[in-house]
Amino acid sequence: MFVSGFTIVRNAIKYDYPVVESIQSLLPLCDEIIVLVGQSSDDTLQLIQSIGSAKIKIHTSIWDDSLREGGRVLAEETDKAKKLINPKADWCFYIQADEVVNDEGIELIKQSMHHHLENKQVEGLLFSYKHFFGNFNYVANSRGYYRHEIRIIRNNPSIHSYKDAQGFRINGHKLKVKKCGGEIFHYGWVRHPEIMKEKIKDFHQLWHTDEWIKAQEKLINDFDYSDIDALLIFEGKHPNCMQERIRVKNWEFIPNYNGHAIGFKNRLLYWFEEKTSYRLGEYKNYQLI
């Protein structure tokens, strides 16, 4: 079994992506890791080179910043990276630059890839998610955060990155998937608030027109981590590769939100989910088999 990892990254230092830790978390699971580095205004390329693993294969790319509809450029770059993987790969393991594989599930992930290798009906493997928010001590529990997503796919040219690269589709249809028992820790909302403001400003350019961005300028400038409707205290263990980053960068964050402000409908939905563990109306970009 041959497993190829792939990821894209741009301006990792400027926006404080944990991309080194992200790639390190893939090393025990992959035979190679394709890193497609977009043109950057910082030393992202040198940062990736500093990881120093023979498994890592670095390529460069120029992003088409004119693709400003729904984050389409992210999917375009993800597909570019996928095309660079070794043709003999059986599975392709995609990870985003702010995602880290929970090392407690590594053996389960390996077993799942082996178990489903010959079952071609299985087009991808599904991971559960924890979305950290504010700092490394809190997990977002809002209905707006997806709980599962595909991160391992078949080496099939018909499978493409979907919309803003959150997941994948095959010939426009949802992939048939199995749960793999693995977990992804998403740290996209764990940055110093000032860095987060800059990231949001620049990333709006991947989704919206200049006119829209200008109209929203005050909202972006007033970004505040306390604007969240549901958080849980994280009582588990972060991946080993994240420990030093957390020791150095875990600033104080005190959530200040009012659960009643989310409205009666959502409060009812939260109550139902808490009692049943079932999320009504949940967005699922996959078909679980």
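The values are calculated or read from the model by the stated rules, or taken from the named source; none is laboratory data. What you are looking at is a predicted structure, and each value in this text was computed from that prediction instead of being measured. In this analysis, Cβ positions are derived from the backbone assuming ideal geometry, glycine residues included, and neighbour counts consider all displayed protein chains.
Points worth noting:
- Pick from segment 238-268, criterion of a type in the set (D, E, K, R) and at pLDDT below 80, ranking: farthest from Arg191 (Cα to Cα): Lys265
- Answer residue from segment 162-175, given it is in contact with a Gly (Cβ under 8 Å, 6 or more places away or on another chain) and crowded, with 16+ Cβ neighbours inside 10 Å and is nearest to Met113 (Cα to Cα) among those: Leu175
Matching residues to (1) in contact (Cβ under 8 Å) with a residue 60 or more places away in the chain; (2) buried (at least 17 other Cβ atoms within 10 Å of the Cβ):
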| site | (1), (2) |
| --- | --- |
| Val9 | yes, yes |
| Glu21 | yes, yes |
| Glu32 | no, yes |
| Leu36 | no, yes |
| Gln39 | no, no |
| Gly52 | no, no |
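- The one condition from (1) closer than 21 Å to Gly124 by Cα; (2) not in a strand (DSSP E or B) that Ile8 does not meet is (2).
- Any hit, segment 104-125, residues being touching a residue at least 12 places away in the same chain (Cβ under 8 Å), over 15 Å from Met1 (Cβ atoms) and in contact with a His (Cβ under 8 Å, 6 or more places away or on another chain): no
- Against the conditions (1) touching a residue at least 24 places away in the same chain (Cβ under 8 Å); (2) in a loop (DSSP other than H, G, I, E, B), Glu149 satisfies every one except (2).
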